[in-house]
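The values are calculated or read from the model by the stated rules, or taken from the named source; none is laboratory data. Nothing here was measured: the structure is a model prediction, and the numbers come from that model. Positions of Cβ are backbone-derived with ideal geometry, glycine not excepted, and every protein chain shown enters the neighbour counts.
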Amino acid sequence: MHCQACGAQLPSEANACPNCGTLTPAYYAKSGASPHDPTIPAVSGSSPSAVSAPPPSTPYGSNPYDVNPYNVAPPPPPPRKVSPVMVGILIAVVLLVVGASVGFVLLRNQQTKTTITPTAATSAVSNTGNADTNATATATAYANATATAEANPYGGTLALSDPLRDNSRGYGWVEGGDNTGSCQFRGGAYHVSELILNSNIGCYASPDFSNFAFEVEMTIIKGDIGGIGFRFGNALHTKYEFYVTQNGTVELFVAQGTATTKTLVKPVVSPAVHQGLNQTNIIAVVAQGNIITLYVNSQQIARVTDNTYSHGQIGLYASSYATAGHLTEVVYSNARVWTF
């Protein structure tokens, strides 16, 4: 049997054409309805007898024909926009997290560092430059404690470290003076002053050194010449004297008593010297055996060989021995000695 509307082959006992939905004679026979029943809607574009069957129901009451007959995927939803305010908040949160992490790492590194804080000696020191036994022991302990904490440009073991703010470290720097010259701690530094012309004054500490490096910061604030003395023998006034002038000249003498001196390094102007008043220079001498090496601002100036003296005290100088000399005041700080 064929559909009266579209001519499609009808299955046996079919109630409606599977192709166009027109009700079949079998449907009317079973239902007793008439093909011309006005309550049955006609199929668009078909004869009055070709009416569509009502859509079958589903277990959920939905329309089985409400589908996508072309199987076309729906368009994707538009991308979600992020406001500039939200972007700013996210960036601020990221920066905050990174900053906190870096701060934590730095704090941990700082906490793991070990700082040695030596105890300064507080024993009294006489004007003659002699410290008592306890002060010397305390000074030695201080030097040993700071040996690994300070720079060591010359080698050896740190044996003396003194900022020269006062005489509390136990090294027995000479203090006092008269109308010819003076040695005194003032304003957080050690002031050495020569108060007459054509003369010099040396202010010595009590320790005795043999093979060593001695370094100090020197600033000439008035006059002509500053410098350091070493291997000083107090009783006989035997010593070496390394002088640096404010016009850049350096020289080295050896004194054999109060009147006799011998020049080991003739006066020479060195470009390593910071010239003029109120200019700080770091001056140093290394005495090892009979070899003596001079430095200014970490630059080697001269090296000589001399075996006149093998040990003695160290000191700091002010001198007015210069052409058209002037009364002189020199300020010293940060003295250090390494022994070999």
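Anything in the stretch 171-230 that is closer than 24 Å to ASN297 by Cβ and among the aliphatic types (A, V, I, L, M)? List them, or say none.
ALA189, VAL192, ALA205, ALA213, VAL216, MET218, ILE220, ILE221, ILE225, ILE228, listed by residue number.
Could you name every one of the strands (runs of 3 or more DSSP E) located completely within the stretch 214-278 that has at least 1 residues being touching a Pro at 6+ places or on another chain (Cβ under 6 Å) and surrounded by 15 or more Cβ atoms within 10 Å (Cβ to Cβ)?
Working: elements: 225-233, 238-245, 249-256, 260-269.
By residue number, 249-256.
Is at least one residue of the stretch 170-178 small (Gly, Ala, Ser), part of a loop (DSSP other than H, G, I, E, B), in the same structural domain as ALA324 (by TED's automatic domain parsing) and under 38 Å from the mean Cα position of the chain (by Cα)? It would help to see each step written out before you state the result.
If we filter the stretch 170-178 for residues that are small (Gly, Ala, Ser), which is where we start, we get 170, 172, 176-177.
Add one more test, that the residue is part of a loop (DSSP other than H, G, I, E, B), and what stays is 170, 172.
Add one more test, that the residue is in the same structural domain as ALA324 (by TED's automatic domain parsing), and what stays is 170, 172.
Next, only the ones that are under 38 Å from the mean Cα position of the chain (by Cα) stay: 170, 172.
Looking for residues that are small (Gly, Ala, Ser), part of a loop (DSSP other than H, G, I, E, B), in the same structural domain as ALA324 (by TED's automatic domain parsing) and under 38 Å from the mean Cα position of the chain (by Cα), one finds at least one in the stretch 170-178, hence yes.
Say we look at the stretch 305-325 and pick out the residues that are surrounded by 14 or more Cβ atoms within 10 Å (Cβ to Cβ) and assigned to a loop (DSSP other than H, G, I, E, B); which of these is modelled with the lowest pLDDT? Full working, then the answer.
Our first condition is that a residue be surrounded by 14 or more Cβ atoms within 10 Å (Cβ to Cβ); within the stretch 305-325, this holds for 306, 308-309, 311-322, 325.
Remaining after also requiring assigned to a loop (DSSP other than H, G, I, E, B): 306, 308-309, 311, 320-322, 325.
Details: ASP306: 97, THR308: 94, TYR309: 95, HIS311: 96, SER320: 93, TYR321: 88, ALA322: 83, GLY325: 86.
Out of the qualifying residues, it is ALA322.
What number of residues in the stretch 288-303 are assigned to a strand (DSSP E or B) and either of a type in the set (Lys, Arg) or farther than 15 Å from ALA255 by Cβ (or both)?
Within the stretch 288-303, residues that are assigned to a strand (DSSP E or B) and either of a type in the set (Lys, Arg) or farther than 15 Å from ALA255 by Cβ (or both) number 11.
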